[in-house]
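Okay, structure first, notes after.
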Amino acid sequence: MTNEDLTPSLTDLLKERREPIISRWFASLAKTYPAQTAQFLQDEKDPFGNPVGHGARQGLEGIYEELLPASQGSGDGVTAPSRSEGTIEVPEGRDANGRGREEKGTNTDRLRQSLEQVIKIRSVQEFSPSVAVSFIFELKTAVRDILAGRIHEDRMSRGMRAFEERVDQTALLAFDVYMKCREQLHDIRVKEIKTRRFLGLMPPKNLSLCSFF
């Protein structure tokens, strides 16, 4: 058995350091809010007292699980994609570099659901589209910060490049999810205005979001 055989793969490290990576990632997301709100989102652990923070944390955990590469023993931690596990769909068939491709190996439905957990609430808040989905890219920073000093070997670096490409493609999917949420909000607003007009009522000052969530 060689020393390389005893070296953990990237997947092993990502699983081993899952909690601190997700915590760092969640802290980055929280910082997109005003300081007092960001502190509350991180400190309040009661899901009923902090539904936004609880939902966002669950969403990040789901995204992380879907992006974990399959284990490959002493390899770089990224296996050849499996057709049976679904695809990450990106807008207009483009990858992060504008080339046509699909990233195999991730279940798109589960990934989309986890993205929606985070993005739905951000789509009704005062975020620009770029800020609303920017938290996806922060995962790369969180991983590199937590795994600093352990991913410089050549084979581990190759695994990181593949993992970060998956993150970039997920950001494109996240933008699709954001735009879909905004379209749903627009449809709800139009429907509510038409209903109130039919009933002879004044247009609402605030949008009712019960049907959205």
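The values are calculated or read from the model by the stated rules, or taken from the named source; none is laboratory data. In this text, all values refer to a predicted model and were calculated from it rather than measured experimentally. With ideal geometry, Cβ positions are generated from the backbone for all residues, glycine too; neighbour counts draw on all protein chains shown.
Among the residues of region 26-36, those that are under 17 Å from the mean Cα position of the chain (by Cα) and not in a loop (DSSP other than H, G, I, E, B) comprise Phe26, Ala27, Ser28, Leu29, Ala30. Out of Lys120, Lys45, Lys104, Lys15, one residue alone is among the basic types (Lys, Arg) and at pLDDT below 50. It is Lys104. Could you tell me whether any residue of region 189-203 is part of a helix (DSSP H, G or I), modelled with pLDDT of 90 or more and either at negative phi or out of contact with any Phe, Trp or Tyr (no Cβ under 6 Å at 6 or more places or on another chain) (or both)? No, region 189-203 contains no residue that is part of a helix (DSSP H, G or I), modelled with pLDDT of 90 or more and either at negative phi or out of contact with any Phe, Trp or Tyr (no Cβ under 6 Å at 6 or more places or on another chain) (or both). Just one of the listed residues (Gln39, Gln58) is of a type in the set (S, T, N, Q), modelled with pLDDT of 90 or more, farther than 22 Å from Arg110 by Cα and part of a helix (DSSP H, G or I), namely Gln39.
One residue stands out among those in region 114-129 that are part of a helix (DSSP H, G or I) and out of contact with any Phe, Trp or Tyr (no Cβ under 9 Å at 6 or more places or on another chain): the one that is farthest from Gln58 (Cα to Cα), which is Glu116.
Among the residues of region 130-179, write down those that are outside any helix (DSSP H, G or I), of a type outside the set (D, E, K, R) and under 22 Å from Ser9 (Cα atoms). Leu147, Ala148, Gly149, Ile151, His152, listed by residue number.
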